[in-house]
Protein chains: 2
Amino acid sequence: MKDVATIAGVSVSTVSRVINNTLPVDARTRELVERAIRKVSYRPNLLASGLRSKSGNLIGLAVPEIAHQSFDNFIKHTEEFARANKYGLILGDIHNDPDGEADFIDQLIRRNVDGIIFIRVSDESRALEMLNRTTIPYVVLDRGVSTATAPTVVMDNYQAGRLAAEHLIALGHRNVACVTGPLNVSLCRDRLDGFTQTLSAAGLRILRSDIHESDFQFDSGVELVPGILERNPSLTAVWAQNDLMAIGIMAGLRDHGLDVPGDVSVLGVDDISACRMLRPQLTTVKQPFREMSRAAVDLLLRESALGERISEKIVIPTELVIRQSTAPPRDLQGACEQGSRFSETRHIVVEHAVERSR
Amino acid sequence: MKDVATIAGVSVSTVSRVINNTLPVDARTRELVERAIRKVSYRPNLLASGLRSKSGNLIGLAVPEIAHQSFDNFIKHTEEFARANKYGLILGDIHNDPDGEADFIDQLIRRNVDGIIFIRVSDESRALEMLNRTTIPYVVLDRGVSTATAPTVVMDNYQAGRLAAEHLIALGHRNVACVTGPLNVSLCRDRLDGFTQTLSAAGLRILRSDIHESDFQFDSGVELVPGILERNPSLTAVWAQNDLMAIGIMAGLRDHGLDVPGDVSVLGVDDISACRMLRPQLTTVKQPFREMSRAAVDLLLRESALGERISEKIVIPTELVIRQSTAPPRDLQGACEQGSRFSETRHIVVEHAVERSR
DNA sequence: CGTTTGTGTGAAATCCTTTTCATAGGCCTA
DNA sequence: TAGGCCTATGAAAAGGATTTCACACAAACG
């Protein structure tokens, strides 16, 4: 930087002002400086600038598990929006380790990050307390906070449950089961409420014994199938609260010799890429990863600019993606092929792959 | 830090030495300093330290596409090993944009990163030239460099082709097709060589027209199926050079009314998590993501410690994971159920899911 | 014409560490 | 006991930017 100043015949202060557009600089001077910058191909050092200005030009992202099919999508889009705003993204995998979490946040603070986005493993995460003792902007993504208010971006989980229920109702299902995530995670309760309340509003009831609490894993979906069928041998549809479990259930049903959607309809939540790869393709409620990531980065930068926490809860609406894993229950299948409900419902479809395959 | 020094009654130099273990410090003094550190819960600022010591405590990772099923695994494990070595991981999605790539690398340089690991989009990536003009350590991961020597970590791609071929040969297939990735990517050529050479060593021939060049995408696998069958209606097995295409092919075959593995066996490369979720589960050649990531981080840190580039090419061996998508061709299926070849081959199996499901 | 006002610029302080250089003792050896 | 060598420590420079403060000069005002 000193070299640039010398070559341009100005002081370093002026060079800094040219680079950051922080104070007006004479057009001729600016030109001289810019030329000098190009000449020595000068790159401002971000550590030095961050040190002085107290901004690391960095956003931290903490996720419970990088290689998890849905967190990927958050990582991808958070990186996208961070970069669009000239921030770097520093990534941390928390697994389920409170110490690891604390270490990571500690590291971020020491790097003068401009903010932290994090997806909590569960509601017990202690990171919030840690962060609330600092002034660092943060946003809680995906898994909201039920106990306190905090800057939050979530999808409309109640709506997700409602859409799933409405779809099954429209297809004519009357005997359905639900597989939830851990019910100490608030979004699971919200999804379940949307589902059950919509069912009862339509005069349908779901028995307590048809609600199975699980852990969002594929294997659990597979393993749950025998139990689900044992409790309710005549059910015609299962809604799982995420795709991984839904896919597990599909696999489990097939292992049991049952056909999806012929014998049982299955749908999930998330719309991970695997949905389209299966046969039948999985009907699901889409998690708006991109919109959520954008909202999270925006909120974070607003906090950062404002200099204080914004305890806002942003709820992003969702939508149903109808594919092949849901159909009317067997006793209605004749009727539906003649049109009526089934084809009406089909019109909600917007998905390319489905369009193309017909 | 000054506060810590004051409280402990020593100079800041001593505090620094205690923290970094850089010079011997009297045990009593150390104790005093540590107590002071805890008292004010002091956290060393990484920007300041990085500025002075020219090490950002940071590793950069550039990938062609974050949400791609196999790059996830590299991200995950690279983060793991970076963190184990007290480095932060800063992530960049390059897509296919040379400018984005240059920007990202520029950013990393400006942050005094200790090294850069990158997975190149294709062999044309210009990042290498850019980096070779600097002294920053780097490692090329997954997609090797054919033109020049550079620090590289790859899987044994020739072996991958060989394992796939051997497996099909052992099952009794004599009429097979292959779907490759872009043949301007060297690993695709290596995989293909391993495959074809092993076939011919066994006295089998694969026709030029049964080798289909594609692009590693799921959709391409689906779309390729009609063409593959048209060229060779009597084939009994297809090897795709990655799982995404293999899964696409499976889906396409099913859309065509064909059974996998009854009519056609399919196998891939990578062992992404989706393999176990499909029915039938996909047989594949495992990409050793974790070992490769570890090797890459290690190599990077060795370069960093040494202060110069290590033009070493590390090749990680691979292995076959047999699941359900491969079986003897139909005309041999009777024989195999009585034991012989098929069950012998099955003994190679090591996969949990498969074990459990029997 | 003297005094505000405003704009562009430079000098120096600052951000927080690490690292070099110098020094003060303590111990060992001749 | 003087000289040499360690070891533990402190003072100060350095790292590369930003930001405050001060100032010079030109235009505008009364």
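Global dimensions of the stretch B:180-281 from alpha-carbon coordinates: Rg and Dmax equal 13.0, 35 Å.
In the stretch A:17-55, burial by the other protein chains removes 30 Å² or more of 1.4 Å probe accessible surface, compared with the chain on its own, from A:Arg43, A:Pro44, A:Asn45, A:Leu46, A:Leu47, A:Leu51.
The amide H of A:Glu213, built 1.01 Å from its N in the peptide plane, has A:Thr180 as neighbours under 5 Å, considering only residues 5 or more places off or on other chains.
Quick one: if you take sqrt(5λ) for each eigenvalue of the C-alpha gyration tensor of the protein assembly as shown, what semi-axes come out, biggest first, whole angstrom? The partial results should precede the final answer.
Working: eigenvalues 457, 235, 112 Å².
Rounded to whole Å, the semi-axes are 48, 34, 24.
Between identical copies, the spacing of B:Lys86 label points, each set 7 Å from Cα toward the C-beta atom, reads 3.3 nm from nearest to farthest. Checked against a 28 Å cut-off, the cross-linked pairs A:Lys39/B:Lys76; A:Lys86/B:Lys76; A:Lys76/B:Lys39; A:Lys286/B:Lys286 give Cα-Cα distances beyond that limit for A:Lys39/B:Lys76; A:Lys76/B:Lys39; A:Lys286/B:Lys286. A loss of 50 Å² or more of accessible area (1.4 Å probe, protein heavy atoms, ligands and nucleic acids excluded) relative to the isolated chain is seen in these residues of the stretch B:198-247: B:Phe218. Taking chain B as a Gaussian network, where each spring joins two C-alpha atoms under 10 Å apart, which residue of B:Thr134, B:Thr180, B:Thr283 fluctuates the most? It is B:Thr134. Post the alpha-carbon centroid distance, the stretch B:281-319 to the stretch B:250-274, in whole angstrom. Taking the Cα centre of the stretch B:250-274 as reference, the centre of the stretch B:281-319 is 30 Å away. Could you pull out the trypsin sites (Lys or Arg not before Pro) across the stretch B:1-66 that fall in loop regions by DSSP (anything but H, G, I, E, B) with no more than 16 other Cβ atoms inside 10 Å? In loop regions of the stretch B:1-66 (DSSP not H, G, I, E or B), the sparsely surrounded trypsin sites (Lys or Arg not before Pro) are B:Lys54. Which residue, B:Pro233, B:Pro328, B:Pro44, has the most motion in a Gaussian network model of chain B that connects Cα atoms within less than 10 Å? Taking springs between Cα atoms under 10 Å, the residue moving most is B:Pro44.
In nanometres and ascending order, the distances from the A:Pro44 label point to those of the other copies are 2.7 (point 7 Å from Cα along Cα→Cβ).
Summing +1 for each Lys or Arg and -1 for each Asp or Glu, what net charge is found among the other residues whose Cβ lies under 12 Å from the Cβ of A:Pro261?
Numbers: positive: A:Arg254, A:Arg279, A:Arg323, A:Arg330; negative: A:Asp259, A:Asp263.
Spelling it out: positives minus negatives among the neighbours equals +2.
The residues of the protein assembly as shown present an accessible area of 43 Å² per residue when probed at 1.4 Å with all protein chains retained. Per the accessible-area calculation with a 1.4 Å probe, the total area buried between chain B and chain A rounds to 4800 Å².
Taking the DSSP beta bridges with both ends in the protein assembly as shown, the antiparallel portion is around 10 percent. Taken along the Cα-to-beta-carbon direction at a fixed 7 Å, the label points for A:Thr149 and A:Asn85 span 2.1 nm. Across the identical copies, the 7 Å label point of B:Lys313, projected outward along Cα→Cβ, sits 5.7 nm from its counterparts, in ascending order. About its Cα centre, the dipole of the stretch A:162-292 is roughly 340 debye, where the only charges are +1 on Lys and Arg Cβ and -1 on Asp and Glu Cβ.
Only bridges whose two residues both fall in chain B count here: according to DSSP, what percent of them are antiparallel, nearest 5? All intermediate terms of the calculation are to be shown ahead of the outcome.
Values: 3 of 36 bridges.
If we restrict to bridges inside chain B, about 10 percent are antiparallel.
Only alpha carbons enter this Debye calculation for the stretch B:72-138, each as an equal point scatterer, and the log10 of I(q)/I(0) it gives at q = 0.14, 0.17, 0.23, 0.27 Å⁻¹ is -0.42, -0.63, -1.12, -1.37. Computed over Cα pairs, the Kirkwood radius of the stretch A:2-44 leads via Stokes-Einstein (0.890 mPa s, 25 °C) to a diffusion coefficient of 248 µm² per second. Put simply, the amide H of A:Glu65, placed in the peptide plane, has neighbours under 5 Å in A:Ile94, A:His95, leaving out anything fewer than 5 places away on its chain.
Would you compute, from DSSP H runs of 4+ residues alone, the mean residue ellipticity of the protein assembly as shown at 222 nm, taking -39500 (n - 2.57) per run and dividing by the full residue count, rounded to the nearest 500? Spell out each step's value before the answer.
Working: 30 runs with 327 residues, N = 716.
Rounded to the nearest 500, it is -14000 deg cm²/dmol.
Between the beta carbons of B:Arg208 and A:Arg38, assuming R0 = 56 Å, the FRET efficiency works out to 0.65 to the nearest 0.05. Each label was represented as a point 7 Å from its Cα along the Cα-to-Cβ direction; for B:Ser13 and B:Leu258 these points are 7.7 nm apart. The orientation-averaged projected area of the convex hull spanned by the Cα atoms of chain B comes to 22.1 nm². With the gyration tensor restricted to C-alpha atoms of the stretch A:110-258, the semi-axes of the equivalent ellipsoid amount to 35, 17, 12 Å, longest first. Using a probe radius of 1.4 angstrom, the carbon and sulfur fraction of the accessible surface of chain B is 49%. Take every pair of alpha-carbon atoms less than 8 Å apart whose residues are at least six positions apart; their mean separation over the length of chain B yields a relative contact order of 16 percent. Counting only other chain Cβ atoms within 10 Å of each residue's Cβ, the peptide B:65-76 averages 5.
The values are calculated or read from the model by the stated rules, or taken from the named source; none is laboratory data. Bear in mind that the values here come from a model prediction, so they are computed numbers and not experimental data. Here Cβ is always computed from backbone atoms with ideal geometry, including for glycine, and neighbour counts include all displayed protein chains. Surface areas here come from the heavy atoms of the whole protein model, side chains and all, with no ligands, DNA or RNA. Shrake-Rupley method; radii C 1.70, N 1.55, O 1.52, S 1.80 Å.
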